[in-house]
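Asker: Quick one: this structure, given as structure tokens, is what I'll be asking you about.
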Amino acid sequence: MRDISHKIAFSGLPAPARFGDVFDPNRGSVQARVALGDRALLDRAVEAAKKAQPAWAAVNPQRRARVMFEFKALVERNMDELARLLSSEHGKVIADAKGDIQRGLEVIEFCCGIPHALKGEYTQGAGPGIDVYSMRQPLGIGAGITPFNFPAMIPLWMSGVAIATGNAFILKPSERDPSVPVRLAELFLEAGLPEGILQVVHGDKEMVDAILDHPDIAAVSFVGSSDIAHYVYRRGVEAGKRVQAMGGAKNHGIVMPDADLDQVVNDLSGAAFGSAGERCMALPVVVPVGEKTAAALREKMLPAIEALRVGVSTDPDAHYGPVVSAAHKARIENYIQMGVDEGAELVVDGRGFTLQGHEEGFFVGPTLFDHVTPTMRSYQEEIFGPVLQMVRAGSFEEALALPSQHQYGNGVAIFTRNGHAAREFAARVNVGMVGINVPIPVPVAYHTFGGWKRSAFGDTNQHGMEGVKFWTKVKTVTQRWPDGGASGESAFIIPTMG
Ligand code: NAD
């Protein structure tokens, strides 16, 4: 059996005491085991980071950017191998695995411009003979804790910006698909990143708690489910750290009566079922406005669902593959039963789906519910599977209220040809990322990613200038160069520039 080890700048580690199983979701069997680390292991990584970080911070930003350029080229050269590895542990199809890597690389492209992003502010003559300037300096050592569903993109959201701004970064990836993060760390070394600047420690709650409590880790970025995000936020802040913690989601797609329904059905199929619904920006709730829209949408949606091909993740014709684990498959199927028990209409039932030759694989067929209502628990909670729930709304206002009042506020989309309705919706909806005829409005890397309400704790988003802000602190200098003639007076009032 293959063992997946930590990637830290220290040799001679003691043999791990604990391991976690890494599954092959296509087959439902264990394919590798990952070492689960503890505080002692983290201490070694932090020591290495402490040693390496000051010199890295002193490297001029252009040279740090060159490592990013080189890393980008290396990842592109290794794209096929990385995508296969990612797909084999996560279960998303190969083309989608490449998308996962590509979206991460786009943050690296942003980091190639880090010298520009790090330029400070300057005021000449803020007072008589006085200039003021500010600079952004790295925090020191940062850590990232990431979920299973984007094992390339999310580690790169964090590590790219943290490293480019001069920090050392310790990544604790999901223990369910840990191989790609290790491979990315190896490629960073190959690209010229000094040892100790990016390290990978594996683990579960024990390692997460060690990170949150470690006095030498200045900032923690977390992405995962909301209860854990909230816990990480509380505990990290209590320990005096800077923390950003992104959580779960339940994104709605509002379909106005004037929408292009064929386009909506195409968009919904991909956004609700792509990656087996295991995306925080998936669109698992559709809200048709008006009974006529609902009837027409349902009629068009059914054949589209029928045409979906569920297959092994290496099948180039499959639209989506298995979910990540048996436990997650059981959780999704429980939510389907909950929907039935709560009185929603189960139009297409994806439970009990099997694939010939892969009977033990973690597959869930596409599922459609109609007549879902806001009081149902299966609506209020995140399912994170290939399950689309239709909630019928009588008016624009009713539709707008649904995502606005939901506990999650990650993404939302409106489908319409009416510019006024779209504009009104974007301005008023209580959600962080909005798509207008765009089903998955994940912002490009030079903008920033982040939801509202229980989808994000903390106040800075991922990547873009918000990421630069998160991973740096501002120092402001007020300077005066006397001309030699001392005034000889002491000032006892607060200095003003007046
Ligand atoms: P998860 O919360 O189970 O795990 C995330 C991380 O937390 C992992 O590294 C895991 O090892 C660690 N962890 C797990 N249990 C813990 C505990 N009890 N204490 C401390 N740490 C613990 O999430 P997941 O299942 O890997 O990922 C799916 C979730 O992530 C979904 O809720 C999804 O919506 C969310 N997500 C959110 C975003 C976003 O940007 N808002 C992006 C991707 C995924």
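Asker: Can you list the lysines whose alpha carbon is less than 20 Å from that of Lys241, not counting same-chain residues fewer than 8 positions off?
Answerer: Lys50, Lys172, Lys205, Lys469, Lys473, Lys475
Asker: Sticking with this structure for a sec: So what is the calculated 222 nm ellipticity per residue for the chain, using -39500 (n - 2.57) for each DSSP H run with n of 4 or more, over all residues, to the nearest 500 deg cm²/dmol?
Answerer: Roughly -12000 deg cm²/dmol at 222 nm, from the helical runs in the chain.
Asker: Place a +1 charge on the Cβ of each Lys and Arg in the stretch 37-139 and a -1 charge on the Cβ of each Asp and Glu, then give the dipole magnitude about the Cα centre in debye, rounded to the nearest 20.
Answerer: Computed about the Cα centre, the dipole is about 260 debye.
Asker: Shifting gears a bit: Using the Karplus curve 6.51 cos²θ - 1.76 cosθ + 1.60 with θ = phi - 60°, what ³J(HN,Hα) values do you get for each residue of the stretch 128-141, in whole Hz, with x for Gly and Pro?
Answerer: Values per residue, Gly and Pro as x: x, x, 10, 10, 10, 9, 10, 9, 9, 10, x, 7, x, 10 Hz.
Asker: While we're looking at this one, here's another question. Quick one: which residues, 5+ away or cross-chain, put their amide H under 5 Å from the amide H of Ala413? H built at 1.01 Å from N.
Answerer: For Ala413, whose amide H was placed from the backbone, the distant partners under 5 Å are His252, Gly253, Ile254, Gly435.
Asker: If you fit an axis through the alpha-carbon atoms of helix 94-111 and take the longest principal axis of the Cα set of the chain, what angle between them do you get, 0 to 90°, nearest 10?
Answerer: 20
Asker: Shifting gears a bit: Relative contact order of the chain, please, whole-number percent, based on alpha carbon pairs below 8 angstrom and at least 6 residues apart. Let's see the in-between values first.
Answerer: Values: 1133 pairs, mean separation 91.2, N = 498.
Over the chain, the number comes to 18 percent.
Asker: Could you work out the Rg to Rh ratio of the chain, with Rh taken as the Kirkwood radius (inverse of the mean 1/r over all Cα pairs)?
Answerer: Dividing the radius of gyration by the Kirkwood radius yields 1.03.
Asker: Where nothing but the Cβ of Lys and Arg (+1) and of Asp and Glu (-1) is charged, how large is the charge dipole of the chain around its Cα centre, in debye to the nearest 20?
Answerer: Computed about the Cα centre, the dipole is about 1220 debye.
Asker: Within 10 Å of each candidate Cβ there may be at most 16 other Cβ atoms; applying that plus a DSSP loop requirement, which GluC sites (Glu not before Pro) in the stretch 172-242 survive?
Answerer: Glu195
Asker: Each residue of the stretch 4-9 in order: what ³J(HN,Hα) in whole Hz does its phi give by Karplus 6.51 cos²θ - 1.76 cosθ + 1.60, θ = phi - 60°, with x for Gly and Pro?
Answerer: 9, 9, 5, 10, 10, 7
Asker: Shifting gears a bit: Using Cα centres only, tell me the gap between the stretch 380-431 and the stretch 275-354 in whole Å.
Answerer: The distance from the Cα centre of the stretch 380-431 to that of the stretch 275-354 comes to 18 Å.
Asker: Here's a follow-up. State to the nearest 20 debye the size of the charge dipole of the stretch 203-346 about its Cα centre, where the only charges are +1 on K and R beta carbons and -1 on D and E beta carbons.
Answerer: 320
Asker: Would you work out which of Leu189, His116, Leu156 lies farthest towards the positive end of the dipole of the chain, given +1 charges on the beta-carbon of Lys and Arg and -1 on that of Asp and Glu, about the Cα centre?
Answerer: His116
Asker: Work through the residues other than Leu368 whose Cβ is under 14 Å from its Cβ and net out their charges, Lys, Arg +1 and Asp, Glu -1. Walk me through the intermediate numbers first.
Answerer: Working: positive: Arg298, Lys300, Arg351, Arg392; negative: Glu299, Glu306, Glu345, Asp349, Asp370.
That works out to -1.
Asker: Right, another one. List the residues whose amide H sits under 5 Å from the amide H of Gln31, counting only those 5 or more places along or on another chain, with H placed 1.01 Å from N in the peptide plane.
Answerer: Val22, Phe23, Asp24
Asker: Between the DSSP loop rule and a limit of at most 15 other Cβ atoms within 10 Å, which chymotrypsin sites (Phe, Trp or Tyr not before Pro) in the stretch 1-43 are left?
Answerer: Taking the stretch 1-43 and a limit of 15 other Cβ atoms within 10 Å, the loop chymotrypsin sites (Phe, Trp or Tyr not before Pro) found are Phe10.
Asker: Applying the Karplus parametrisation 6.51 cos²θ - 1.76 cosθ + 1.60 with θ = phi - 60° to the phi angles of the stretch 176-185, what ³J(HN,Hα) value in whole Hz is obtained for each residue in order, glycine and proline being reported as x?
Answerer: 7, 9, x, 6, 5, x, 5, 4, 5, 5
Asker: Can you give me the distance in nm between label points at Gln137 and Ile494, each placed 7 Å from the Cα along the Cα-to-Cβ direction?
Answerer: 2.5
Asker: By how many degrees, 0 to 90 and rounded to 10, does the Cα axis of helix 79-90 deviate from the longest principal axis of the chain?
Answerer: 60
Asker: Hey, if you put +1 on the Cβ of every Lys and Arg and -1 on every Asp and Glu Cβ in the stretch 252-436, which of Gly411, Gly290, Gly365 ends up farthest toward the positive end of that dipole?
Answerer: Farthest along the dipole direction, towards plus: Gly411.
Asker: Using the alpha-carbon centroid of each, what span in Å lies between the stretch 84-140 and the stretch 22-45?
Answerer: 29
Asker: Hey, rough spin-label estimate for Asp258 and Met79, points 7 angstrom out along Cα→Cβ, what's it come to in nanometres?
Answerer: Going by the 7 Å Cα→Cβ label model, 3.9 nm.
Asker: Under a 5 Å amide H to amide H cut-off, with H placed in plane at 1.01 Å, what residues pair with Val93 once short-range neighbours are removed?
Answerer: Sorted by chain and number, the residues that satisfy this are Ser275, Gly321.
Coordinate-derived values only; no laboratory data. Here the structure is a predicted model, which means the values were calculated and not measured. Counting neighbours? That spans all protein chains shown, and the Cβs are built from the backbone with ideal geometry, glycine included.
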